[in-house]
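Below is one structure, written out as structure tokens; the observations come after it.
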Amino acid sequence: MSASLKNKSVIVTGGSKGIGKGIARVFASHGAKVLVVARTAAEGEATVAELVAAGGTVAFCPADVATRAGVEHMATTAVALHGGIDVLCANAGAFPALKFADMTEDAWDGIFATNVKSMFLSIQACLPHLKKSAAPRIVITSSITGPITGFPGWSHYGATKAAQLGFLRTAAIEFARDNITINAILPGNILTEGLVGMGPDYIAATAACVPLGKLGTVDDIGHAAAFLASAEAGYITGQTITVDGGQILPESPAALTA
Ligand code: NAP
């Protein structure tokens, strides 16, 4: 447990399920005050109830982070409930599969709004409050898909995840003047409710490509986020951490059995 996270005010967008829920759970276990943000109130409230029952200080804020009004409501709620904002985990995202031949302008714009504009708006709303923190941190959830790998159906998704990293490198320089660090996590295939929905064959085939032989857990991503937000990571900015069990390493499937 990193003592430096105790009582920190942490926002996790998309914290109601999947990777965001893992991030929220890990920060809560370190004694942080966590605000879970998502649109679906029933899921958000159920997650908060679970994390509070486990001893966490966690609250839910219903908001659409792809809108200016939503992120302003999120930042105001964090300040009102938790006294400020120390850490923003810009994690909300979606990965609808759509082959390029079927790509529409609306689908392209929609995924950029959910995955990239939401990150930009969330950061902009939190920035004035982060500047008042003693150790302000931003952690983005990107992906191996786009920045490093590709998969049919995810050309638009991959473009959003790479766009986040293009943003990161300049933002790190600009934010450094206010002592704010910003880094990104690139998850591989993580066992979320959404991935379970892709079926056992997909999961088994993916696990077979991973040197560690299994998919990651949402808490694996949470631990990386907690590290990047900790005092120990205070000199790291503009960087990426890939958390994928070694999935991007093999030159070919033969590398796993040679
Ligand atoms: P997930 O299980 O579908 O959860 C997505 C979360 O984001 C939910 O809480 C959802 O809640 C929220 N969300 C989506 N759009 C939102 C909006 N406009 N405003 C507020 N909240 C919104 O997805 P996940 O797999 O955990 O993915 C989370 C992040 O990890 C994404 O950025 C994704 O690209 C990245 N990632 C995932 C994997 C993986 O293996 N799962 C791998 C690499 C990267 P509501 O729908 O209720 O709003």
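Is it the case that T242 is part of a strand (DSSP E or B) and over 19 Å from I11 (Cβ atoms)? Answer is yes for this residue.
Among residues of region 54-66 that are touching a residue at least 60 places away in the same chain (Cβ under 8 Å) and on the phi < 0 side of the Ramachandran plot, none has a Cβ under 9 angstrom from a residue that is surrounded by 24 or more Cβ atoms within 10 Å (Cβ to Cβ) and not charged (D, E, K, R) at a sequence gap of 6+ or on a separate chain.
Is it the case that Y202 is surrounded by fewer than 20 Cβ atoms within 10 Å (Cβ to Cβ) and at pLDDT 95 or above?
It is false that Y202 is surrounded by fewer than 20 Cβ atoms within 10 Å (Cβ to Cβ) and at pLDDT 95 or above.
The C-beta contact set for region 176-198 (first residue under 18 Å from D86 (Cβ atoms), second residue among the charged types (D, E, K, R) and near the ligand (Cβ under 9 Å from one of its atoms), distance under 7 angstrom, 6+ apart or interchain) is empty. Among the residues here, D220 qualifies as surrounded by 14 or more Cβ atoms within 10 Å (Cβ to Cβ) and acidic (D, E). Selection within region 141-157: residues that are part of a loop (DSSP other than H, G, I, E, B) and among the β-branched types (V, I, T). The member of this set that is nearest to the ligand (Cβ to nearest atom) is I144. The set of residues from region 158-184 being within 10 Å of the ligand (Cβ to nearest atom) and surrounded by fewer than 18 Cβ atoms within 10 Å (Cβ to Cβ) is empty.
Within region 138-157, can one find any residue that is under 19 Å from V79 (Cα atoms) and buried (at least 23 other Cβ atoms within 10 Å of the Cβ)?
Within region 138-157 (the criterion being under 19 Å from V79 (Cα atoms) and buried (at least 23 other Cβ atoms within 10 Å of the Cβ)), the answer is yes, since at least one residue qualifies.
Residue check: is F112 farther than 25 Å from K132 by Cα, near the ligand (Cβ under 9 Å from one of its atoms), surrounded by 15 or more Cβ atoms within 10 Å (Cβ to Cβ) and not charged (D, E, K, R)? Judged against the criteria, F112 is not a match.
Scanning region 58-96 for residues that are among the hydroxyl-bearing types (S, T, Y) and in contact with a strand residue (DSSP E or B) (Cβ under 6 Å, 6 or more places away or on another chain) yields a single hit, T77.
Take the conditions of a type in the set (S, T, Y), assigned to a helix (DSSP H, G or I) and either surrounded by 20 or more Cβ atoms within 10 Å (Cβ to Cβ) or within 13 Å of the ligand (Cβ to nearest atom) (or both) and apply them to S118. Does it pass? For S118, the condition - of a type in the set (S, T, Y), assigned to a helix (DSSP H, G or I) and either surrounded by 20 or more Cβ atoms within 10 Å (Cβ to Cβ) or within 13 Å of the ligand (Cβ to nearest atom) (or both) - is met. Is it true that L249 is away from the ligand (no atom under 15 Å from the Cβ) and assigned to a loop (DSSP other than H, G, I, E, B)? Spelling it out, L249 is indeed away from the ligand (no atom under 15 Å from the Cβ) and assigned to a loop (DSSP other than H, G, I, E, B).
Of the helices (runs of 4 or more DSSP H) lying entirely inside region 185-232, those containing at least 1 residues that are within 10 Å of the ligand (Cβ to nearest atom), hydroxyl-bearing (S, T, Y) and on the phi < 0 side of the Ramachandran plot span 200-208.
In region 123-140 there is no residue that is in a loop (DSSP other than H, G, I, E, B), modelled with pLDDT of 95 or more, on the phi > 0 side of the Ramachandran plot and within 19 Å of the chain's Cα centre (by Cα). Within region 92-109, the set of residues being under 21 Å from G166 (Cα atoms), surrounded by fewer than 17 Cβ atoms within 10 Å (Cβ to Cβ) and hydrophobic (A, V, I, L, M, F, W, C) comprises A94, W108.
Only one of the listed residues (G93, G44, G22) is in contact with a Ser or Thr (Cβ under 8 Å, 6 or more places away or on another chain) and either without any contact (Cβ under 8 Å) to a residue 40 or more places away in the chain or farther than 29 Å from S2 by Cβ (or both). That residue is G44.
The values are calculated or read from the model by the stated rules, or taken from the named source; none is laboratory data. No experiment lies behind these values; they were computed from the predicted model shown. Backbone-built Cβ (ideal geometry, glycine too); neighbour counts: all protein chains shown.
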